[in-house]
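Colleague: Below is a structure I'd like to ask you about.
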Amino acid sequence: MTGRLLALGLALVFVASYAAAQVGADKRRSGYQDMGEALQKMQDDDTANPGMLYVQLGGQLWKRAVGAADKSCADCHDAAPASMKGVAARYPAIPTGGDRPVDLEGRINLCRTENQKAEPLPPENRDLLALSAYVAHQSRDLRIAPPYDPRLDAFRREGAEIYRRRQGQLNLSCAICHDDNAGKKLAGIVIPEAHPTGYPIYRLEWQALGSLKRRLRNCLVGIRADAWPLDAPEYTALELYLMERAKGMKLETPAVRP
Amino acid sequence: MRLPILLVLALVAGSAAAQQPAPPVVPQVIDDSIPQSLTGRPGDAARGRAIVANRSIGLCLLCHSGPIAEERFQGDLAPSLAGAGSRWSEGQLRLRIVDGSRLNADTIMPAYYRAQGLHRVARNFEGRTILTASQVEDVVAYLVTLKD
C-alpha cells in the first residue's frame, strides 16, 4: 500500500513539474541571441541594418509595372504594409490551384509569370531578394504561424527526414549540429538552433542579402555533401519543417548574421 | 580567349590527378584497435600536428580543442585532444580516426578512412577518404605524443 502511494505521489510530482516546465519560458533561441551586441545593434537600427537597403529597393520594385501585362505588385495588392502583413509568417504554402508548396520567392515568381506576364527572376537575383525582403519585412515582429493544410504534411515530413539524415563526406545531419549540439562551439563559433526567423538575411560573410536556400547550401558544402540546385524542392521541404519547428517565434526580417 | 580556359581545365585535371587517393588499405581491426600502421611505416608527428591544426585538411579543431596555442578558434563539441596519448594506445587512436562508428554507431566524428556507406557525397569528394593512409599515420604519431 505504501509502495502504491509513493508511486502515485512520485507520479503527481512528475506531472506537476512537467506541466510547470511546459508553461515556462520558450527556450528556443534565435540566432540573434547568439550574436555580439554590435551586430544586434546593427540589426535593430534601421539606418545601420544593410538589409534595409534591400527592403527600400523592394518597396520601389513593388510599385514598378513590369511584364507584358504592364502591372506592378501594387496594382493587385495595393499597399504592402496592409496586404502583405503576416504573409511571410505562413510560408511556404501551396498556391491556389497548385499541388506543391512554394516559398516566398517562388510565390513572387508565380505572380510575375501568371499575373505580370514577366520572366521569373533567377534564384538569389537582387530584385527577387529585395521584393522578398520587402514582403517579409511587413511581418517583422509577428510570430511564425504555418498554415493548417494537411496537403503540406507529406512535404514537411520529407523536410524532417532530410534534416535528420546523415550526408556528405563528413557524414553529418542537420540535427547533429543544430539539435544535439546547438549552443556549443564549432571552431569558436556558437552553433545556432537554425530557426529561419530573419530571411532573407544580410550575412556579413556574404556581404549581401541571401535566401534560406543559399544558407542551407553553405551547410551542405561544409559537410561536403552534394548541394541541391537552388530551385530544388528539397529546400522547400526543409523550410516547411524548419518553419514548423520555429512556430511561434518572431520574424526579424531583414536579420543580420555574421 | 580559349587558351586560359584550356589552361584552367588542365590545372584542375592535374590537381585532381594529384589528389587521387592511394589504393585503400583494408585495416585489420582487433578488439577496439588497429594495431598495424596503415602504411606499414610509422607516421611523422610534426606533419600530424600540422594536419590536426589545418581547418580544411584535418578539421580536428573544428570540434576538438587541443594543445595548439596558435590556433585560437577551437571547438568544444568533442573531448580535448590533450592527453589523448595517455588515454588511448596507438592502435586505439588509429581505429578512432579510421572509423569511430565501429565503436559507437552514433558518434558524430566522421570516419577519416572510410569512403563507403556515405550518402550524397559532393562530387569532388566522392570515393575519397577524408585523410590518406599516410596522413592518418601522421595524425596517430602526433596524438600518441599528447601525454598530458
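Colleague: Would you mind stating whether A:PRO192 is surrounded by fewer than 16 Cβ atoms within 10 Å (Cβ to Cβ) and either out of contact with any strand residue (DSSP E or B) (no Cβ under 7 Å at 6 or more places or on another chain) or more than 14 Å from chain B (Cβ to nearest Cβ) (or both)?
Modeller: no
Colleague: Of all the residues that make up the range B:92-108, how many are touching a residue at least 12 places away in the same chain (Cβ under 8 Å), hydrophobic (A, V, I, L, M, F, W, C) and surrounded by fewer than 19 Cβ atoms within 10 Å (Cβ to Cβ)?
Modeller: Result for the range B:92-108: 1.
Let's see how each residue does on (1) within 14 Å of chain A (Cβ to nearest Cβ); (2) closer than 23 Å to A:ARG164 by Cβ; (3) free of Cβ contacts under 8 Å to residues at least 24 places away in the same chain:
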{"position": "B:GLY40", "(1), (2), (3)": "no, no, yes"}
{"position": "B:ASP44", "(1), (2), (3)": "no, no, no"}
{"position": "B:ASN54", "(1), (2), (3)": "yes, no, yes"}
{"position": "B:PHE73", "(1), (2), (3)": "yes, no, yes"}
{"position": "B:GLU90", "(1), (2), (3)": "no, no, no"}
{"position": "B:GLY117", "(1), (2), (3)": "yes, yes, yes"}
{"position": "B:ARG123", "(1), (2), (3)": "yes, no, yes"}
{"position": "B:VAL139", "(1), (2), (3)": "no, no, no"}
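Colleague: Please give the number of the condition A:PRO147 fails out of (1) within 14 Å of another protein chain (Cβ to nearest Cβ); (2) out of contact with any Gly (no Cβ under 7 Å at 6 or more places or on another chain).
Modeller: (1)
Colleague: Which one of A:ASP99, A:ASP103, A:ASP70 is surrounded by 15 or more Cβ atoms within 10 Å (Cβ to Cβ) and acidic (Asp, Glu)?
Modeller: Working: A:ASP99 fails: surrounded by 15 or more Cβ atoms within 10 Å (Cβ to Cβ); A:ASP70 fails: surrounded by 15 or more Cβ atoms within 10 Å (Cβ to Cβ).
Every option except A:ASP103 fails the conditions.
Colleague: Here are some conditions: (1) at pLDDT below 95; (2) outside any helix (DSSP H, G or I). A:GLN22 meets all but one. Which one does it not meet?
Modeller: (2)
Colleague: Looking at A:ARG151, A:ARG143, A:ARG157, A:ARG165, which one is in contact with a strand residue (DSSP E or B) (Cβ under 8 Å, 6 or more places away or on another chain) and on the phi < 0 side of the Ramachandran plot?
Modeller: A:ARG143
Colleague: Do the conditions hold for B:GLY66, that is, is it crowded, with 19+ Cβ neighbours inside 10 Å, more than 16 Å from the chain's Cα centre (by Cα) and within 14 Å of another protein chain (Cβ to nearest Cβ)?
Modeller: Considered against the rule, which asks whether it is crowded, with 19+ Cβ neighbours inside 10 Å, more than 16 Å from the chain's Cα centre (by Cα) and within 14 Å of another protein chain (Cβ to nearest Cβ), B:GLY66 comes out as no.
Colleague: Six or more apart or on different chains, Cβ under 8 Å: which pairs go from a residue in the range A:218-229 that's more than 7 Å from chain B (Cβ to nearest Cβ) and under 13 Å from A:ILE162 (Cβ atoms) to one that's in a loop (DSSP other than H, G, I, E, B) and polar (S, T, N, Q)? Could you list them?
Modeller: Partner pairs satisfying both residue conditions: A:ILE223/A:GLN169; A:ILE223/A:ASN171.
Colleague: Now for a different question. Any chance you could count how many residues in the range A:152-170 are without any contact (Cβ under 8 Å) to a residue 12 or more places away in the chain and facing chain B (nearest Cβ under 8 Å)?
Modeller: 2
The values are calculated or read from the model by the stated rules, or taken from the named source; none is laboratory data. Treat the numbers as computed from the prediction; the structure is a model and nothing was measured. Reconstructed Cβ throughout: ideal geometry from the backbone, glycine too, with neighbour counts over all protein chains shown.
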